[in-house]
Amino acid sequence: MSSPKRVTAIGGIFFKSADPAAMREWYASHLGLSTSQYGTTFEWRHIDEPAKKGSNVWSTFPADTKYFEPSGKDFMINFRVENLEWLLGELQKEGITPIGELQVYEYGKFAHIIDPEGNKIELWEAVDEVDEKIAEDNNDAIAQ
């Protein structure tokens, strides 16, 4: 039996902003992103299962957010993974310690690690059906 894939896609890009609403408006006006208070969602289909949808999120956070800690960086990348618990076990064998506890929500499991340059990385095992519904709801909210 082969091991699960580690990273399957970028799940999202998040960055700090002095004025998140103004930054979302700038991206909407100048780059054509359809944004809501949560940013924007880009939908795509799985190459090996075209009936399955996935999404990527682009979002601004307040400059004083604590969510990116312990990293001092102004951005965080979220990677979609196939099997988060397995991957965390492999990373621990490789000397990489997760930050905080594994978090479980209806839309997936999340964990965080730090790379060698101090960038916080969010790992997300999505529940595709719920993620698909959230992406549709976000796109509906943006369209209104």
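When the range 23-37 is limited to residues that are more than 30 Å from Glu82 (Cβ to Cβ) and of a type in the set (A, V, I, L, M), the one that is surrounded by the most Cβ atoms within 10 Å (Cβ to Cβ) turns out to be Met23. Among the residues making up the range 105-117, a single one is open to solvent by less than 100 Å² (accessible area, probe 1.4 Å), over 17 Å from Leu91 (Cα atoms) and either outside any strand (DSSP E or B) or not small (Gly, Ala, Ser) (or both): Tyr107.
Taken over the range 3-22, the residue count meeting the criterion of being open to solvent by 60 Å² or more (accessible area, probe 1.4 Å) and within 20 Å of the chain's Cα centre (by Cα) is 6.
Among the candidates Thr97, Thr40, single out the residue that is hydroxyl-bearing (Ser, Thr, Tyr), modelled with pLDDT under 95 and loosely packed, with under 15 Cβ neighbours inside 10 Å.
Values: Thr40 fails: loosely packed, with under 15 Cβ neighbours inside 10 Å.
Criteria check complete, one pass: Thr97.
When residues in the range 56-94 are screened for being open to solvent by less than 40 Å² (accessible area, probe 1.4 Å) and assigned to a loop (DSSP other than H, G, I, E, B), 3 of them pass.
Confirm whether Lys53 is in contact (Cβ under 8 Å) with a residue 40 or more places away in the chain, farther than 13 Å from Asn78 by Cβ and surrounded by 14 or more Cβ atoms within 10 Å (Cβ to Cβ).
Working: in contact (Cβ under 8 Å) with a residue 40 or more places away in the chain: yes; farther than 13 Å from Asn78 by Cβ: yes; surrounded by 14 or more Cβ atoms within 10 Å (Cβ to Cβ): yes.
Considered against the rule, which asks whether it is in contact (Cβ under 8 Å) with a residue 40 or more places away in the chain, farther than 13 Å from Asn78 by Cβ and surrounded by 14 or more Cβ atoms within 10 Å (Cβ to Cβ), Lys53 comes out as yes.
All conditions in (1) in contact with a strand residue (DSSP E or B) (Cβ under 7 Å, 6 or more places away or on another chain); (2) in a helix (DSSP H, G or I) hold for Trp26, with the sole exception of (1).
The values are calculated or read from the model by the stated rules, or taken from the named source; none is laboratory data. All of these numbers come straight from a predicted model, not from anything done at the bench. Note: ideal-geometry Cβ built from the backbone for every residue, glycine included; neighbour counts use all protein chains shown. These accessible areas exclude ligands, DNA and RNA; they are computed on the full protein's heavy atoms, side chains included. Shrake-Rupley method; radii C 1.70, N 1.55, O 1.52, S 1.80 Å.
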